[in-house]
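Structure record follows, encoded as structure tokens.
The values are calculated or read from the model by the stated rules, or taken from the named source; none is laboratory data. If you're wondering where the values come from, they're calculated on a predicted model, not measured in any experiment. FYI the Cβ positions are ideal-geometry reconstructions off the backbone, even for glycines, and counts take in every protein chain you see. SASA here: full protein model, heavy atoms, side chains in, ligands and nucleic acids out. Shrake-Rupley method; radii C 1.70, N 1.55, O 1.52, S 1.80 Å.
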Amino acid sequence: MISLLLALAVGSLFASGTYLILRRGQIKLILGLALLSHGVNLLLFGSGRLTEGRPPIFLDKNVYAETIASSLPADPLPQALILTAIVISFGITAFVIVLVNRRHTVTQTDFVHGEYVPLLREGDPFDFSDSSDNVQHDWLAYEVDEVYDSEDLLPGLPAMPESERDESTAMEEDSYQWP
Amino acid sequence: MAVSANLLAVPVAAPLLTAALILLFARWGGRRRIRHQIALTTLALCLNLAATAILFQATAGRGERFVLQLGDWSAPFGITFYGDGLSATLLLLTALVALAVYPFAVATIDYHRDRMGFHPLYLFLLMGVNGAFLSGDLFNLYVFFEVLLMASFVLLTIGAQPAQTNSGIRYVVLNLLASTIFLIAAGVAYGTLGTLNMAQIAQRLTMASPAVRTVFAGLLLVSFGSKAAIFPLFFWLPASYHTPPPAVTALFGGLLTKVGIYTLFRSFTLFFPELLVSWQPILLTISGATMLVGALGALAQPGIRRVLSFHIISHVGFMLMGLAVAQSGNRLAVGFGLGAAVIYLCHHMIIKTALIMAGGAVELHMGSDRLASIGGLVTRQPLLAFLFFMSAISLAGVPPFSGFVSKLSLLQITLDTRHWFVSGISLFASLLTMINMMRLWRESFWGDYNRPSRVPVRILQSRIRQQLMLTPVAVLVLLSLALGIWGGPAFQLSMKVAQQALDREAYIEAVSPSSPISTPGAEQPLVSLQAYFSDHPKAISGMTARPLLESR
Amino acid sequence: MPELYLRLLNRILTPILLLLAFYLLFRGHNLPGGGFIAGLMAASAIQLQILSRGHRRVRRTFGPYLNNGIGLGLAVAICAGFAGLLEGTFFKGIWFNLDLPLMASIKLGTPVVFDLGVFLVVASFTTSYLLGLSRVSDTAAHRRDEAASRSGYSTAGPDQADRGVATGTRAES
């Protein structure tokens, strides 16, 4: 029973995570990645032995011998694996959130380019280097449910305030900028 | 000279400790602190090179195998580092590539990225790659994968230009998906085999059901193949490799996909040697498609680095072809295919790094890498033109260089095993490579001098920086030449490495995972378990008791 | 002031959280706990500070030392591994008993040192991440305020007073 529930949970987490990753919005992308990592964690949890009321760590050797004579204790390794996987996915989710945010401030859009965009542009198929002019984003209509992400709700945004320009956002004036 | 197994810890520990020290003292030193960081990083890279050279000499030269059980915990319980000829070869090449790219990076990375922590990130990436080559445990491999991915994410997106963040999203998401699939594979392995130690997995897979083997192999092929950029899974690579600074691209092109290739080599030779025969059509089809798509895609690309990143994909196909014929050696020795793949790997890591660095130098001189708008650099930079030409014909496989030896040996084994079609494709892909390389050289160096960018490049006004940029390229080209001239001894060495990698029993024996409970299927009385745990008090836990449950 | 309760609570909760973090750190070898959990606990104490006092003041206090904290933690952890070389293997645990007058003897060893390194890394990394995100939300709030004031009504929050302080402090850091 419990394994059936676990399988259902893992399956639905994978399905919804995959669905969210395939959407265009980046907040959904982050949520989808998080759901996928939860699904894998549950899968790892299910790969161990599912027992009830028999903890895996024994401080006393004799208690251990008694316990193991009757029935097997829980398996501690999946929990360690899950903890490690959680740590890693925590770090990576943090990085992706910061990346998406930075991308938003740089390109002013929450939208990941579709493959059809460059095909319609002349010349270089993979060139987004001059995407700073917002004109080319305009004809990419947002999905209907993504309007809340749109900056159109806040017309006429000011530039970044002076107090926010610290050394992490400043560039050297005369350094060569890679395309 | 006796080599201690503790040497295996150096390629991981030295970069990590140095990066930690750099971070620790990053606040002090004023304007000189970048210089201190550069000095420390160079020291760590040299130490890494020395350690891996000793390791290579002991493993590939004398045929030894090293196993380091971290903290003296016996095999299935603790973390295992395993070093044999294959991993030592890759470690040595990694150290070489990292040390060669570093002067180029020092010369070309801008001050902004310097301050954002480029140097510790470089070391973290090196540590992750080295750890992935050394790891003898599936979950530990996952952790090192994540370490190198994390470092590569930051190296790719540091600076936050719009193009960088665009490509960064794709790179991050596709690589994370591959890691997730790998983690699923690890969960399947633990759920069905009850272990994550690679030697023990190899031991128990022989008794597992074919369904388990197929699922496990498929998951590993998809995840490792996605890291290695094989045919249907390569999209993250050309979408991202042209956006960071060329030094970062050179490092990525030299190292990252090779981790995927190494893990494919390791997992197929260790876990499923029989699948190398039964899955041979699949592997050959994938490799042919990878070669063809890479070469054809490169033909359509307009920029130097985009062409070169498509060629990485094409070359991954060559190595995969070597793996596919690894088990079938009828007239030639068994393992000839893997030996050819190993020498191809060496050739590719050396010359691809050199070529990307030379291309980066062109890009820096011209201010752009669009082939349509640049040209005529040969009059201003004759040495750069010469080095670019040498590495280009080496990549295409012209005789005195290493490309000829490696391609010839791969072709020999595929023709000998009568895979006419795939060997024809590989010849065609080589031809396309030649065309592409000539196109690159002609467009960027021949014709009238044409420099589209008006931005003055301050870096190039310093002579020492120019030397720092060109010297590593020259050294790598010389290495490739040496590998081509001494092709016979080099090939014998790589054959030794391949046969060492194909010897699964020796791997299992070297790691010798103590298995208190017998493998699933065999009956084992419960008493022996208690006897084992009274002998090994450290192992007090129900950790390995799982197969017992299945046997009851 | 809306943060009044938080500020009061902060004085009580922060020491408790930090003590709990250290408790979890040192019991972590044999019992549930350990460096990662303790680091998160300490970072949550700092997040409480960010919520109650504004991220600028917290950044002024901790900000310059976060990278050093990560480096120190990594160095400590890897040195705990090198200590194992004295007994022959990398990362081998070395244990010794510490006899304190009041309590019974405490078992200390290199794994505890390793955990301490993990604690430092996790606490510093999480704090820098939280500080970065709080700056992001602050920028968004600032933009919303600007847009709102342009359209005629103001929702200037209590954070405005803080901003004046920050422009002065940025020069020194």
Are there any pairs with C-beta distances below 9 angstrom linking a residue in the stretch B:363-376 that is assigned by TED's automatic domain parsing to the domain that holds B:Arg442 and buried (at least 18 other Cβ atoms within 10 Å of the Cβ) to a residue that is assigned to a helix (DSSP H, G or I) and acidic (Asp, Glu), with the two at least 6 apart or on different chains, and if so which?
B:Asp369/B:Glu363; B:Leu371/B:Glu443; B:Ile374/B:Glu363; B:Ile374/B:Glu443; B:Gly375/B:Glu443
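Which is open to solvent by less than 10 Å² (accessible area, probe 1.4 Å) and more than 14 Å from chain A (Cβ to nearest Cβ), of B:Leu99, B:Leu126, B:Leu92, B:Leu149? Explain how you work it out, then say what you get.
Numbers: B:Leu99 fails: open to solvent by less than 10 Å² (accessible area, probe 1.4 Å); B:Leu92 fails: open to solvent by less than 10 Å² (accessible area, probe 1.4 Å); B:Leu149 fails: more than 14 Å from chain A (Cβ to nearest Cβ).
Only one candidate qualifies: B:Leu126.
Checking the condition away from chain B (no Cβ under 11 Å) and part of a helix (DSSP H, G or I), which residue from A:Leu43, A:Leu8 passes? Outline the logic, then answer.
Numbers: A:Leu43 fails: away from chain B (no Cβ under 11 Å).
So the residue among A:Leu43, A:Leu8 that is away from chain B (no Cβ under 11 Å) and part of a helix (DSSP H, G or I) is A:Leu8.
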Counting only residues that are at pLDDT below 90 and either exposed (fewer than 13 other Cβ atoms within 10 Å of the Cβ) or under 20 Å from C:Leu51 (Cα atoms) (or both), the stretch C:15-25 contains a total of 0
Taking the criterion of being in contact with a Phe, Trp or Tyr (Cβ under 8 Å, 6 or more places away or on another chain) and farther than 21 Å from B:Met116 by Cβ, would at least one residue in the stretch C:63-75 satisfy it?
no
The lone exception for B:Glu274 - which of (1) open to solvent by 10 Å² or more (accessible area, probe 1.4 Å); (2) touching a residue at least 60 places away in the same chain (Cβ under 8 Å); (3) not hydroxyl-bearing (Ser, Thr, Tyr) it fails
(2)
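Determine which member of the set B:Ala298, B:Ala289 is small (Gly, Ala, Ser) and open to solvent by 10 Å² or more (accessible area, probe 1.4 Å).
Working: B:Ala298 fails: open to solvent by 10 Å² or more (accessible area, probe 1.4 Å).
After applying the criteria, what remains is B:Ala289.
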In the stretch B:159-195, what residues are open to solvent by less than 10 Å² (accessible area, probe 1.4 Å) and either outside any helix (DSSP H, G or I) or more than 9 Å from every other protein chain (Cβ to nearest Cβ) (or both)?
B:Tyr171, B:Asn175, B:Ala178, B:Phe182, B:Ala185, B:Leu193, B:Gly194, B:Thr195
B:Ala510, sole failed condition from (1) of a type in the set (Gly, Ala, Ser); (2) at pLDDT 80 or above; (3) more than 27 Å from B:Ser394 (Cα to Cα); (4) open to solvent by less than 30 Å² (accessible area, probe 1.4 Å):
(4)
Here the residues within the stretch B:366-398 that are within 14 Å of chain A (Cβ to nearest Cβ) and assigned to a helix (DSSP H, G or I) are B:Met366
Failed condition for C:Gln49, given (1) away from every other protein chain (no Cβ under 12 Å); (2) touching an Asp or Glu at 6+ places or on another chain (Cβ under 6 Å); (3) polar (S, T, N, Q):
(2)
Unmet requirement for A:His38, which otherwise passes all of (1) open to solvent by less than 20 Å² (accessible area, probe 1.4 Å); (2) within 22 Å of B:Phe153 (Cα to Cα)
(1)
Does C:Pro64 satisfy being over 30 Å from B:Ser74 (Cβ atoms), touching a residue at least 40 places away in the same chain (Cβ under 8 Å) and surrounded by fewer than 16 Cβ atoms within 10 Å (Cβ to Cβ)?
yes
Scanning the stretch B:50-70 for residues that are buried (at least 19 other Cβ atoms within 10 Å of the Cβ), in a helix (DSSP H, G or I) and of a type outside the set (Val, Ile, Thr) gives B:Ala51, B:Leu55, B:Phe56, B:Ala58, B:Ala60, B:Leu70
Which listed residue, of B:Ser4, B:Ser87, B:Ser74, is among the hydroxyl-bearing types (Ser, Thr, Tyr) and free of Cβ contacts under 8 Å to residues at least 40 places away in the same chain:
B:Ser4
Going residue by residue through the stretch B:108-121, is there one that turns out to be touching a residue at least 12 places away in the same chain (Cβ under 8 Å), away from chain A (no Cβ under 14 Å), out of contact with any strand residue (DSSP E or B) (no Cβ under 7 Å at 6 or more places or on another chain) and surrounded by fewer than 24 Cβ atoms within 10 Å (Cβ to Cβ)?
no
Please go through the stretch B:205-232 and pick out each residue that is assigned to a helix (DSSP H, G or I), hydrophobic (A, V, I, L, M, F, W, C) and either at pLDDT 90 or above or open to solvent by less than 10 Å² (accessible area, probe 1.4 Å) (or both).
B:Leu205, B:Val215, B:Phe216, B:Ala217, B:Leu219, B:Leu220, B:Leu221, B:Val222, B:Phe224, B:Ala228
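Confirm whether B:Leu237 is free of Cβ contacts under 8 Å to residues at least 60 places away in the same chain, under 18 Å from B:Leu148 (Cα atoms) and not β-branched (Val, Ile, Thr).
Numbers: free of Cβ contacts under 8 Å to residues at least 60 places away in the same chain: no; under 18 Å from B:Leu148 (Cα atoms): yes; not β-branched (Val, Ile, Thr): yes.
Taking the combined requirement at face value, the residue does not satisfy it.
Tell me which residues, restricted to the stretch B:193-213, are among the β-branched types (Val, Ile, Thr) and without any contact (Cβ under 8 Å) to a residue 24 or more places away in the chain.
If we filter the stretch B:193-213 for residues that are among the β-branched types (Val, Ile, Thr), which is where we start, we get B:195, B:201, B:206, B:212.
The one that is among the β-branched types (Val, Ile, Thr) and without any contact (Cβ under 8 Å) to a residue 24 or more places away in the chain: B:Thr206.
From the list B:Leu283, B:Leu320, B:Leu308, pick out the single residue that is buried (at least 22 other Cβ atoms within 10 Å of the Cβ) and under 22 Å from B:Val172 (Cα atoms). Steps first, please.
Working: B:Leu283 fails: under 22 Å from B:Val172 (Cα atoms); B:Leu320 fails: under 22 Å from B:Val172 (Cα atoms).
Only one candidate passes the filter, namely B:Leu308.
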Hey, can you tell me all the residues within the stretch B:413-426 that are assigned to a helix (DSSP H, G or I) and surrounded by 16 or more Cβ atoms within 10 Å (Cβ to Cβ)?
B:Ile413, B:Thr414, B:Asp416, B:Val422, B:Ser423, B:Ile425, B:Ser426
Being of a type outside the set (Gly, Ala, Ser) and within 14 Å of B:Thr59 (Cβ to Cβ) is the filter; apply it to the stretch B:496-514 and report the residue that is nearest to the chain's Cα centre (by Cα).
B:Val497
Residue in the stretch A:47-66 that is nearest to A:Ala7 (Cα to Cα), counting only those that are part of a helix (DSSP H, G or I) and open to solvent by less than 30 Å² (accessible area, probe 1.4 Å)
A:Ser47
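Within the stretch C:57-73, does at least one residue satisfy the condition of being in a helix (DSSP H, G or I) and farther than 23 Å from B:Leu24 by Cβ? Spell out how you get there, then give the answer.
Residues of the stretch C:57-73 that are in a helix (DSSP H, G or I), as a first pass: C:57-73.
Next, only the ones that are farther than 23 Å from B:Leu24 by Cβ stay: C:57.
Within the stretch C:57-73, one or more residues are in a helix (DSSP H, G or I) and farther than 23 Å from B:Leu24 by Cβ.
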So C:Gly88 passes all but one of these: (1) buried (at least 22 other Cβ atoms within 10 Å of the Cβ); (2) farther than 14 Å from C:Ser124 by Cα; (3) within 14 Å of chain B (Cβ to nearest Cβ). Which condition number does it fail?
(1)
